[in-house]
Amino acid sequence: MSSSPATLPLRPTTLRAPEGINRLFSAGWDADWQRHQHRFGPLPELVNQQALLAELTESGLTGRGGAAFASWKKFSAVLTATERGGPTVSPVVVGNAAEGEPLSVKDRALLRHAPHLVIDGLLLAARMLGTSTVYLALGFEEPAVMEALASRPDGRSIEVVRIPEQFISGEASALLNFIQTGRALPRTQSERLSSSGLRRRPTLVHNIESLAQFALIARYGGAWFRAVGAPDDPGTRLVSISDGVRPAFAVEVPGGAPLAELLVGQGVELDSIGAVLLGGYHGSWVSAESLRETSLGGQSAGAYPAGAGVLWVLRRGQCGLDASAQIMDYLAGQSAKQCGPCRFGLPSAAEAFHHVVVGDRAALTELQGLLDLLPGRGACHHPDGSAAFLASSLNAFSEDLDAHLAGRCLADAR
Ligand code: SF4
């Protein structure tokens, strides 16, 4: 840990910090409360709030739910809003395990196999922000986390909320709306959740992997976190891999990991790949030819945003345009249709995409026009993310596009 003894944010642990990239599961797969404590020690006592914030800042941890917002800024904004509100204002902490992204399994894996680290992160966040109002929002059933909560004396202070399994349920304002009103709709108001979130209280909504990473940073410090990964994408992250052969699985990888190396390390042969979708249904396609120059996370040349850490492998012989059209169908169906782009734009784009796949040139013109109309007009970023995915599909599969407009499909020949 980099802090001097006078400013240690937590009572120091004498237990050895995890080495290498096996961090989140280093207590052992399915570690129970005893084994978890044996590995990481008991939940540490907070000694110095500002020093813990400094460790978090030094760590460079970013949100692991998709937006990659700096974690320390989220905590800092809630602290500032709470202070500004005066002594009667108490903040709220919400762990986001909506995992509405259909290709993501990493939050489930974390809650199933290392639930105590997530619980530690939630409780430490509450301790740091000075609140006892803590929620864990689940988009799926996970008995392991319920058992973990019941097995520890501090588990009762966390309220578990089961939210609908929808793509947009994990959007922070939709999630808070569901807790408050029972409807998982994104808010249209412009006020930040950090100052006016759940029942107008300052609210921290953080992905559960981010909270688990926070629990490790609180114990071992920011410099320890940065010891692996890339300077501009430090630490580790969980990624969900769907390779079309095995059921989707989650692995922990270093930040800024070279994509080709990552896939080969997980048993995916590069020759079998047609393209890879990075970041999920709001993500970007990477062609097979670009795999070796691509890394996951960071800002170097060839780096792609890791998003929610999703990798979907399209095999040779599969048509990227057809796969993209199906994803657009899904995205068009995933909204409450309370804003124009979702009521009209996305369904039109999905329909036009199918016409393009069967060679309709006029539909391509319509689709390209919609690309400009979708972004920046919804209450949330769903239309923007969908438009970005659409643009990436047309760009990555431009040769396929020409072939389809000429009445052929290149996938058959690959
Ligand atoms: S933009 Fe779409 S998903 Fe977002 S709030 Fe409006 S209708 Fe719902």
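Observations on the model:
- Residue 297 passes every criterion in (1) open to solvent by 40 Å² or more (accessible area, probe 1.4 Å); (2) of a type outside the set (S, T, N, Q); (3) within 15 Å of the chain's Cα centre (by Cα) apart from (1).
- Pick from the range 190-204, criterion surrounded by fewer than 16 Cβ atoms within 10 Å (Cβ to Cβ) and in contact (Cβ under 8 Å) with a residue 12 or more places away in the chain, ranking: farthest from the ligand (Cβ to nearest atom): 199
- Verdict on residue 279 being open to solvent by less than 30 Å² (accessible area, probe 1.4 Å) and either of a type in the set (Ser, Thr, Tyr) or under 19 Å from the mean Cα position of the chain (by Cα) (or both): yes
- Cβ pairs under 7 Å, 6+ apart, first in the range 317-342 and touching a residue at least 60 places away in the same chain (Cβ under 8 Å), second of a type in the set (Lys, Arg) and away from the ligand (no atom under 15 Å from the Cβ): 317/414
- When the range 186-207 is filtered for residues that are closer than 16 Å to residue 169 by Cβ and under 19 Å from the mean Cα position of the chain (by Cα), the ones remaining, listed by number, are 186, 193, 205, 206, 207.
- Flag if residue 389 is aromatic (Phe, Trp, Tyr) and away from the ligand (no atom under 16 Å from the Cβ): no
- Qualifying residue in the range 72-92 (condition: in contact with a helix residue (DSSP H, G or I) (Cβ under 6 Å, 6 or more places away or on another chain) and among the charged types (D, E, K, R)): no
- Lone qualifier among 306, 323, 349, 411 - being farther than 20 Å from residue 170 by Cα, more than 16 Å from the ligand (Cβ to nearest atom) and under 26 Å from the mean Cα position of the chain (by Cα): 323
- Filter pass, residue 200 being of a type in the set (D, E, K, R) and at positive phi: yes
- Wholly within the range 208-324, strands (runs of 3 or more DSSP E) carrying at least 3 residues that are among the aliphatic types (A, V, I, L, M): 236-242, 249-254, 273-278, 310-315
- Some residue of the range 105-115 being touching a Ser or Thr at 6+ places or on another chain (Cβ under 7 Å) and within 25 Å of residue 277 (Cα to Cα): yes
- When residues in the range 117-139 are screened for being open to solvent by less than 10 Å² (accessible area, probe 1.4 Å) and out of contact with any strand residue (DSSP E or B) (no Cβ under 8 Å at 6 or more places or on another chain), 2 of them pass.
- So residue 398, is it at pLDDT 95 or above and either surrounded by fewer than 19 Cβ atoms within 10 Å (Cβ to Cβ) or not β-branched (Val, Ile, Thr) (or both): no
- Taking the range 171-183 as the range and being farther than 15 Å from residue 197 by Cβ and either touching a Gly at 6+ places or on another chain (Cβ under 9 Å) or assigned to a helix (DSSP H, G or I) (or both) as the test, no residue passes.
- Note on the range 157-185: among residues that are within 19 Å of residue 68 (Cα to Cα) and not aromatic (Phe, Trp, Tyr), the one that is surrounded by the most Cβ atoms within 10 Å (Cβ to Cβ) is 175.
The values are calculated or read from the model by the stated rules, or taken from the named source; none is laboratory data. Note that the structure is predicted; figures quoted are calculated from it, not measured. Here Cβ is always computed from backbone atoms with ideal geometry, including for glycine, and neighbour counts include all displayed protein chains. These accessible areas exclude ligands, DNA and RNA; they are computed on the full protein's heavy atoms, side chains included. Shrake-Rupley method; radii C 1.70, N 1.55, O 1.52, S 1.80 Å.
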